[in-house]
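A.B. asks: Dropping a structure here in structure tokens format, bear with me for questions.
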Amino acid sequence: MAGDTFLVECSDEEVDKGFTKTSYGYEPSGAEVVRLYEALAQDGTLNLAWRWELGRRLPTPSQSDSQSEKEEEESEK
């Protein structure tokens, strides 16, 4: 898998330190929530660092679409 790339922003220890595991998943600490709300109040938006690196995947045809195409081809014959 030569083309696969991985980007790890933080370690498991950093996640454990900054987040709390709940029944719903990981939630940020109270201090982090306050920091984010203060940033929203000051700047109006939060900067998100997100990149799409996988490229575009063509839609997978559904089973019913391919069956109806086969039926159309057979009816045309």
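A.B. asks: From the residues in region 31-64 that are hydrophobic (A, V, I, L, M, F, W, C) and more than 30 Å from Thr5 (Cα to Cα), which one is surrounded by the most Cβ atoms within 10 Å (Cβ to Cβ)? First the steps, then the outcome.
C.D. replies: The initial filter retains those residues of region 31-64 that are hydrophobic (A, V, I, L, M, F, W, C), namely 31, 33-34, 36, 39-41, 46, 48-50, 52, 54, 58.
From what is left, the residues that are more than 30 Å from Thr5 (Cα to Cα) are 31, 33-34, 39-41.
Numbers: Ala31: 9, Val33: 11, Val34: 11, Ala39: 13, Leu40: 11, Ala41: 8.
Here the residue is Ala39.
A.B. asks: Would you point out which residue out of Glu38, Glu27 is modelled with pLDDT of 70 or more, assigned to a helix (DSSP H, G or I) and among the acidic types (Asp, Glu)? Let's see the steps before the verdict.
C.D. replies: Details: Glu27 fails: assigned to a helix (DSSP H, G or I).
None of the other options fit; the residue is Glu38.
The values are calculated or read from the model by the stated rules, or taken from the named source; none is laboratory data. Source: prediction; values computed, not measured. Here Cβ is always computed from backbone atoms with ideal geometry, including for glycine, and neighbour counts include all displayed protein chains.
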